[in-house]
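Report on one structure; see the data block that follows.
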Amino acid sequence: RCLTPEVSEPPVAPEAPEAPPLAPPPADPAAERSDGTGVSEPTERFVGYTLRDLRRVVTASLRRYGHLLHLEELQALRAFEALSLPAQQLYARLLSRKWPQWVSYQGLGARYKELGEAAAKEAAAELASATLGQTTASGDGEWGPLLDTLKAAADATGPTGPTGPTVPGDQVPWLLDSAAETAASLLQRALSQPNCQEDNYGKLLLSALPVAELRRMGRGLGTDAKFRKGCLVEKLCAAATKQRLLQTKQKPYEAVEALVSQALRLGRWLCCADSWGRRTLVLLGELFRT
């Protein structure tokens, strides 16, 4: 009988365990943050969509309409780029709101998440102290080379901007902070905007108060508080003036000053000032949309 020899198969080596997947590198919070839309945008320094869009609009408008700007307006753009990044971010946010309007100082960081509470307060302090006349701006920045070219052309054609010993807006800060103001100083800051019922920043501050607070003031003056908010401020000022004139020999504006003083005690507020910087940025935005 023929026997077939058995062939033994070589032993099979046990399979090596699979290597665990590599963990992704930790995210850099300074390089990737949310802009409020739920989508993370990786950048070297997080800018935020509001400031990013403002820069794009200004760049496009400068290339097309920059030759129309006065030297003061070119200087205002240099001054804006000389601000810190948080200050630019906060100003871009406030500039995008309806103007003129007082905004509550409390909760800035919660509303503008690209800043955070501490950075927002530091930015507000910087904007409230910086004026165009005090700014020493360099030629650095995204707009620097373009502004250099436009300034050289403007110098060659001679001064075309406003003249006089004091140019309106050059000593005005970017931002008004109610903590640095008094009722008298706010009433002296005039407003002449067609879409604004108030004629000064003091009355504008009253209009920023909640309706419930305005009605409480009205009840204290013995006036009917059942008006819409726009009329309520005027009714309050008229009632306060009438009451003061009947009881004392104070001037009419001192009665309104007392109301504004109450508003200042109720909180802290910020408002974009009517500076060269605001005017220039708004102008370039309007030219971009034409």
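Residue by residue, here is whether (1) surrounded by 15 or more Cβ atoms within 10 Å (Cβ to Cβ); (2) at pLDDT 90 or above; (3) more than 30 Å from Leu266 (Cα to Cα) holds:
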site	(1), (2), (3)
Arg78	yes, yes, yes
Glu81	yes, yes, yes
Arg93	yes, yes, no
Thr131	yes, no, no
Thr136	no, no, yes
Asp177	yes, yes, no
Ala184	no, yes, no
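Quick grid of which residues meet (1) touching a Pro at 6+ places or on another chain (Cβ under 8 Å); (2) open to solvent by 100 Å² or more (accessible area, probe 1.4 Å); (3) modelled with pLDDT under 95:
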| residue | (1), (2), (3) |
| --- | --- |
| Pro20 | no, yes, yes |
| Arg33 | no, no, yes |
| Gly36 | no, no, yes |
| Thr50 | no, no, yes |
| Val58 | no, no, no |
| Glu73 | no, no, yes |
| Ser96 | no, no, yes |
| Trp99 | no, no, yes |
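The values are calculated or read from the model by the stated rules, or taken from the named source; none is laboratory data. Computed from a prediction, not measured in an experiment: that's the story for all the values here. In this analysis, Cβ positions are derived from the backbone assuming ideal geometry, glycine residues included, and neighbour counts consider all displayed protein chains. Note: accessible area is taken over every heavy atom of the protein model, side chains too, but ligands, DNA and RNA are not part of it. Shrake-Rupley method; radii C 1.70, N 1.55, O 1.52, S 1.80 Å.
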